[in-house]
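Notes follow once the structure below has been shown.
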Amino acid sequence: MTIHHVSNYAEMCRKAANMISAQILLNPTCTLGLATGSTPIGIYERLADAYNKSDLDFSGITTFNLDEYCGLSENDPQGYYYYMNEQLFNKVNIDRAKAHVPNGTAGDIALECRRYEALITAAGGIDLQLLGIGNNGHIGFNEPSSAFEKDTHCVELDEETIIANARFFDNPDDVPRRAITMGIGTIMQAKKILLVANGEKKKEILQKALYGPITPMVPASILQLHPDLTVIWSDT
Ligand code: PGA
């Protein structure tokens, strides 16, 4: 594992965006795994800047987002497809047919999970997966539990996650209780993983994840076993 400890959020985003840019430059038809939440916003800003300066071309890449809330459509401002449109997809020349987010409004969620997993496999797997970490150690929406879930699946969100994510909703009661998420196996099969985290509130869980026992109670702890993990951690 390679850990970059930087002093501020801007530096974390710059380094992470550089690593993603390098991946796209080296392989313009690569497959990226993307994350949502507040942590990656500055990374997407820098990637959009690089596109505007003609330094990056997104037309050949394929992307898979980690997760989506059940019940929120592509047009829902609280949904993750909408987030990706706002933060990145609307700003670059990505081919929408190759930019995938689980469908949270699928009639048959179990079937949607299988479809999503199969799409990732058919794309040849993920070359570089961007990850944040939840306050409870989740990656994607893989919540602390008694076992690591392998494939894309539907989860009941933890109370802690619902409280943490309530800041994105007008009313905390509007936070969906269920979500579709890539599994731990899906994430671990990515050839490279880039984990980003910032701020005092993430410090303790990041320490536990990187140096504590490997346990499904801290889902991110499995990343210790990944052969190509880069962590960019910032104090602020
Ligand atoms: P955050 O979420 O970036 O909004 O802190 C991270 C996560 O829950 O994975």
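Can you tell me the alpha carbon radius of gyration of region 1-139 divided by the globular rule-of-thumb value 2.2 N^0.38 Å?
Values: Rg = 15.0 Å, N = 139, 2.2 N^0.38 = 14.3 Å.
Relative to the 2.2 N^0.38 Å estimate, region 1-139 comes out at 1.05.
Please calculate how many Å² of accessible area the chain carries per residue, with a 1.4 Å probe and no DNA, RNA or ligand atoms counted.
Details: 10330 Å² over 236 residues.
Accessible area per residue: 44 Å².
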With label points set 7 Å from each Cα along the Cα-to-Cβ direction at D174 and T105, the distance between them in nm comes to 1.6 nm
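Would you mind telling me the antiparallel percentage of the DSSP bridges in the chain, rounded to 5?
Details: 8 of 31 bridges.
That works out to approximately 25 percent antiparallel.
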Each label point is 7 Å from the Cα along the Cα-to-Cβ direction; what then is the distance between the points at A166 and E200, in nm? 2.2 nm
When the expected Rg is taken as 2.2 N^0.38 Å, what fraction or multiple of it is the alpha-carbon Rg of region 97-218? 1.09
What are the radius of gyration and Dmax of region 107-148, computed over its Cα atoms and given in Å? 12.9, 32
Any idea how far the Cα center of region 122-179 sits from the one of region 1-80, in Å? 18 Å
So, taking all protein chains as they sit and a 1.4 Å probe, how much accessible area belongs to D170, in Å² rounded to tens? 150 Å²
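Rounded to the nearest 20 Debye, what is the dipole magnitude of the chain about its Cα centre when Lys and Arg each give +1 and Asp and Glu each give -1 at the C-beta? Intermediate values should be presented prior to the final figure.
On the way: 19 positive and 29 negative charges, 143 e Å.
Computed about the Cα centre, the dipole is about 680 debye.
On the protein heavy atoms, probe 1.4 angstrom, tell me the percent of accessible surface of the chain carried by carbon and sulfur.
Ligands and nucleic acids excluded, carbon and sulfur reach 50 percent.
From largest accessible area down, sort E86, E143; use a 1.4 Å probe on the protein chains. Could you put the intermediate results ahead of the total?
Working: E86 95, E143 20 Å².
Per-residue accessible area, sorted high to low, gives E86, E143.
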Longest to shortest principal axis, alpha-carbon extents of the chain, angstrom: 44, 40, 36
Name the residues whose placed amide hydrogens come within less than 5 Å of the amide hydrogen of H4, ignoring near sequence neighbours (fewer than 5 apart) on the same chain. V231, I232, W233
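What dipole magnitude, in Debye to the nearest 20, does region 113-154 give about its Cα centre under +1 on Lys/Arg Cβ and -1 on Asp/Glu Cβ? Don't skip to the end; give the middle numbers.
Values: 3 positive and 5 negative charges, 21 e Å.
Here region 113-154 has a charge dipole of around 100 debye.
The values are calculated or read from the model by the stated rules, or taken from the named source; none is laboratory data. This is a predicted model, so every value here is computed, not measured. No Cβ is skipped: glycine too gets one built from the backbone with ideal geometry, and neighbour counts run over all protein chains shown. Accessible surface areas use protein heavy atoms only, side chains included; no ligands, DNA or RNA. Shrake-Rupley method; radii C 1.70, N 1.55, O 1.52, S 1.80 Å.
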